[in-house]
Structures are given as structure tokens and as C-alpha cells.
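Note sheet for the following structure.
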Amino acid sequence: MPIIHDETLNGCRLAVWHMEESEETLSSMLSPDITCDFASAHRRREFYTIRVMARQLGIEPKEILYHDNGAPYINGGPAISISHTKEYAAILLSHDNPRIGVDVEMLSDRFLKVESHYLHTTESCMLRDELPKGMRIEEALGIWWNAKEAMYKAVGEQHIRFTEDFRIYSLAESRQLKPSNDICRFSGELSTSFKEITYRLIYKVLEDFSLVCCFAE
């Protein structure tokens with residue numbers, strides 16, 4: 001399936017792909033010298049999907065490289081952030097802001113089980129007090145997971161504590177659950193003894209997944 005969602009957000013290009021093709025189909029859409037040796041068949045499908053997407057977005061697949069910390073970059077190209085979940089893959093590209101991040105997740109109740117691992121108790125309370133009308137708590141928790149993952153990618157550093165170093169401001173700006181094609185904005189920050197960064201966050205709920213794009217200010 002081709003790219004199912006393609007739009008510009010804050011001057012960045014966001015694209016989403018529904019992963020329905022087999023590994024063989026995806027690899028056949030690329031040059032023979034692009035190979036993947038991951039043991040997991042699903043990881044190989046993710047690898048090839050991202051590179052097929054990149055080609056459709058005007059990026060040479062072989063130019064997608066990785067820093068030592070695992071963060072992707074494009075050799076001589078725009079900043080890139082990558083995310084994939086069970087059935088979807090997302091790419092966020094920016095020519096102007098090097099500190100961007102994207103995270104996509106399938107809608108699920110599993111975030112209730114791990115809430116304490118990524119939300120501070122004050123965030124959990126605020127989330128429930130200011131839950132947008134019509135939004136289930138499970139959906140909101142998934143969006144906040146998206147947000148912290150996206151911020152983590154934008155920071156590009158390890159040893160960041162999700163519960164202590166990141167803070168997300170409420171979804172109060174989006175109290176009314178909006179149609180899936182609308183932009184819903186909120187914000188967050190990284191605050192440590194050595195760094196403080198404010199982030200603009202945009203979330204979208206599309207089909208059966210949610211995603212958050214993150215832009216450092």
C-alpha cells in the first residue's frame with residue numbers, strides 16, 4: 001500500500017504507511033544492494049518499508065544512516081525521525097529544525113498497565129482531571145506515551161528519565177475531541193540539571209492508531 005497520510009506540520013513533512021506488503025514485495029521495490037540482516041521478519045519489513053517510503057518522499061534510501069545511539073539521520077539531507085508499530089510506519093522530515101521526533105502506536109489498553117513507568121503521579125492526576133470530552137483514558141495515555149517517545153527522539157540523548165525529566169502539559173487545549181483530520185496541539189518540556197527544552201506537540205488519531213509529532217523550540 002502506498003503512503004496513506006502525507007501532510008505538512010510546522011514546516012515539517014509527515015508521512016504514514018500502512019504495512020501490508022510482504023518482505024519480498026518491499027525489497028523488490030528497492031535496488032538489490034539494499035539488504036537487511038535482522039533476525040526478525042517483522043524488523044526486516046519495517047526496515048524495507050521505511051526505505052520504500054523514503055524513496056517516495058524523494059530521499060535516497062541508502063542515505064539513511066544511524067548514529068551510535070541508534071538515532072537515524074540522512075547523509076547531507078534533512079533531519080529525520082522514524083517510528084513504526086505493528087501495522088504502521090511514520091517518517092517526519094525537517095529542513096529547518098534538527099530536533100524533531102515522531103511516534104506512532106496502535107490504539108490499545110496496554111498503556112494503563114505501564115502508566116507508572118512513563119508518567120509522573122502529577123501528570124496522571126492532571127490527565128484524568130482534564131481529559132478531553134469524548135476521549136477515553138486509554139486513548140489519552142497512549143497519546144502521552146507517544147509524546148514522551150517523540151520528545152525522547154528529539155532530544156537524541158540517552159539516560160533521560162521519562163517520569164522525572166519530561167513533563168507534558170495538559171490536553172486542555174483540545175478539550176473537545178476533534179475529527180481525525182484536525183490538528184490537536186499541546187506542549188511539553190525537558191528539564192534536567194544540564195538542559196531545558198520546550199517542545200511543541202501535535203497529536204492525531206487516524207484509523208486505529210495514534211501519533212505525536214514533536215518540535216523543539
Check on Tyr66, among the aromatic types (Phe, Trp, Tyr), under 14 Å from Lys153 (Cβ atoms) and loosely packed, with under 12 Cβ neighbours inside 10 Å: yes
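Among the residues of the range 23-52, write down those that are in a helix (DSSP H, G or I) and either exposed (fewer than 15 other Cβ atoms within 10 Å of the Cβ) or charged (D, E, K, R) (or both).
Residues satisfying the conditions are Glu23, Glu24, Thr25, Ser28, Ala41, His42, Arg43, Arg44, Arg45, Glu46, Arg51.
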Determine whether Asp129 is under 18 Å from Glu149 (Cα atoms) and in the same structural domain as Gly188 (by TED's automatic domain parsing). no
The conditions are (1) in a helix (DSSP H, G or I); (2) crowded, with 20+ Cβ neighbours inside 10 Å; (3) at pLDDT 95 or above; (4) in contact with a helix residue (DSSP H, G or I) (Cβ under 6 Å, 6 or more places away or on another chain), and Arg55 fails exactly one of them. Which is it? (2)
Show me the strands (runs of 3 or more DSSP E) entirely contained within the range 76-131 in which 1 or more residues are at pLDDT 95 or above and out of contact with any helix residue (DSSP H, G or I) (no Cβ under 9 Å at 6 or more places or on another chain). 79-84, 88-94
Among Glu20, Glu63, Glu24, the single one that is of a type in the set (Asp, Glu) and either under 21 Å from Ala150 (Cα atoms) or in contact with a strand residue (DSSP E or B) (Cβ under 6 Å, 6 or more places away or on another chain) (or both) is Glu63
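In the set Arg43, Arg51, Arg13, which member is basic (Lys, Arg) and in contact (Cβ under 8 Å) with a residue 60 or more places away in the chain?
Arg13
The values are calculated or read from the model by the stated rules, or taken from the named source; none is laboratory data. Keep in mind that this is a model prediction, so the values were computed, not measured. All Cβ positions, glycine included, derive from the backbone under ideal geometry; neighbour counts span all protein chains shown.
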